[in-house]
Amino acid sequence: MVNAIIFDFDGVVLESLNVKTNAFKKLYEPYGSDISKRVVEHHLENGGVSRFDKIKFYHNIFLGEEIDEKKIQKIAQEFSEMVVNEIMKVPFVDGAKQFIEDNYKRYLMFISSATPTNELNFICKQRKIAKYFQGIFGSPDSKSKHISSIITNYSLNNREIVFIGDSSSDLDAANTHNLTFIARLSGVSNNLVNEKYTLSDLNKLGRIISIINNNAPRHVIN
């Protein structure tokens, strides 16, 4: 029986993927169109990876230069300044806010994101959804560590938890802990189209959870 739900944030709660994609593009445009294109492609293929890890990777691999922690933090701060105000304007994923508001007393709800924790908390408070979640977890801790903390601190077992994500890293984190995974297919990546449970938005999330509780076979809801 599902008693807890872990939501990824970008692309699952908010339609904020394009905001961050555009920010990475702008950050690396000074290095040329080829570099910025590679950055965007990598970013889209690696949702759920922290901006700090991505910045280090882009400098080390794409630019062929070393980058120290101070510079990583500086670029990450520039990124944050570019995205936070825009994220305040983006819509919720269709059905997400309604489901959260209607079901926060029925399920323990958590957010697990690669966004820095302080920034994530600020956004959730500004978007008036923080009060619905038992915990809001971001980087630098990994999603796997978030899940471990949730299981331990709330005395849950893996059969009681579903993880809703839109990236391979979300799936990997869920699989590491043998959680049931629900893929939100945002159209950005096709990596998750063959997962057992998939949704194009969150309008029918309650129906998917009912199917999971009944242990039904593979089900896709558009």
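Give the span of the chain's Cα atoms along each principal axis, as three whole-Å numbers ordered largest to smallest.
52, 33, 31
Residue by residue, what Karplus-based ³J(HN,Hα) values in Hz, rounded to whole numbers, does segment 95-106 have, using 6.51, -1.76 and 1.60 with θ = phi - 60° and x for Gly and Pro?
x, 5, 4, 4, 5, 4, 5, 7, 10, 5, 8, 8
Determine the calculated [θ] at 222 nm for the chain from helices alone, applying -39500 (n - 2.57) to every DSSP H run no shorter than 4 residues and normalising by the residue count; nearest 500 deg cm²/dmol. Intermediate values should be presented prior to the final figure.
Values: 9 runs with 98 residues, N = 222.
Estimated from H runs of four or more residues: -13500 deg cm²/dmol.
Efficiency by 1/(1 + (r/R0)^6): what FRET value for residue 57 and residue 144, r their Cβ-Cβ distance, R0 = 25 Å, to the nearest 0.05? Don't jump to the answer; show the numbers that get you there.
Working: r = 19 Å, r/R0 = 0.76.
Once the sixth-power term is evaluated, E becomes 0.85.
Where does segment 17-87 land on Rg(C-alpha)/(2.2 N^0.38 Å)?
Working it through for segment 17-87, the quotient is 1.01.
Segment 96-194: which chymotrypsin sites (Phe, Trp or Tyr not before Pro) are DSSP loop and have at most 16 other beta-carbon atoms within 10 angstrom?
Sites meeting the loop and neighbour criteria: 104, 154.
Can you give the angle from 0 to 90° between the axis of helix 143-153 and the longest principal axis of the chain, with both taken from C-alpha atoms, to the nearest 10?
40
Which length gain, in nm to one decimal place, applies between residue 157 and residue 65 when the Cα-Cα distance is subtracted from 0.36 nm times their residue separation? Show your work: numbers first, answer last.
Working: separation 92, 0.36 × 92 = 33.12 nm, distance 4.42 nm.
Additional length available on full extension: 28.7 nm.
Going down the list 74/128; 37/71; 70/145; 54/105; 71/97, which pairs span over 32 Å between their C-alpha atoms?
54/105; 71/97
Suppose we flag GluC sites (Glu not before Pro) only when DSSP calls them loop and at most 12 other Cβ atoms lie within 10 Å. Which is the longest uninterrupted stretch of the chain?
That gives 67-222 as the longest site-free run.
Considering amide H positions built from the backbone, and no H for Pro or chain starts, which residues 5 or more places from residue 16, or on another chain, come under 5 Å of its amide H?
Counting only residues 5 or more places away or on other chains, the set is 11.
Tilt of helix 33-45 relative to the longest C-alpha principal axis of the chain, in degrees (0 to 90, nearest 10)?
Long axis of 33-45 versus the principal axis of the chain: about 20 degrees.
Under the 0.36 nm per residue contour assumption, what length would be gained going from the current alpha-carbon distance of residue 132 and residue 101 to full extension?
Net length gain for the segment: 10.5 nm.
Stick to Cα atoms and the Kirkwood definition of Rh, then tell me Rg/Rh for segment 113-222.
Values: Rg = 14.3 Å, Rh = 14.9 Å.
Here Rg/Rh amounts to 0.96.
Would you kindly derive the ³J(HN,Hα) couplings of segment 122-137 from the backbone phi angles with the Karplus curve 6.51 cos²θ - 1.76 cosθ + 1.60 (θ = phi - 60°), listing them in order in whole Hz, with x for Gly and Pro?
The phi angles translate into 4, 4, 5, 5, 5, 8, 6, 10, 4, 5, 8, 10, 5, x, 10, 10 Hz.
Just so you know, all these numbers are worked out from the coordinates, no wet-lab data involved. If you're wondering where the values come from, they're calculated on a predicted model, not measured in any experiment. Virtual Cβ from ideal backbone geometry, glycine too; neighbours counted across all protein chains shown.
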